[in-house]
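What follows is a single structure, written as structure tokens, with notes after it.
Bear in mind that the values in this text are calculations on the coordinates, not laboratory data. Since we're looking at a predicted model, the values are computed, not measured. Glycine also receives a Cβ, built like all others from the backbone with ideal geometry; neighbour counts cover every protein chain displayed.
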Amino acid sequence: MNYLRDFVRDYSTISQPFHQLLTDYSKTRGVVWTPESTAEAYQLQVSAMGEDNFAKYKITEEIGKGNIKVIPDVLISGSNGSEGGISGLLGIKLMEMMDTKNDKSSTKK
């Protein structure tokens, strides 16, 4: 979280309740995190970073987690009308066949 200090005005003031929560943390009591506190945390982040920057940050975070595919499995392109669609469809079918073979070989082990 320290990298946000350079981009968020008054970061230390905004993050102080969170740091206090961690300071007061005990294994017996734990941390109580409610839906309301999650919503409030999101609102604070949006107001600190701005809606556009926060949206870009969350999208980048999801891409980093691997939840959003950026590069397609098969690229379908054509040059002078030859092979474009057909080669793409054949590529997809070949990938499906390879996945089926991998599934069968992994279940045999």
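List of remarks:
- Label positions at residue 60 and residue 37, each projected 7 Å from the Cα along the C-beta direction, are separated by 2.7 nm.
- Two-site label geometry, residue 94 and residue 10: point separation in nm, points 7 Å out along Cα→Cβ: 5.9
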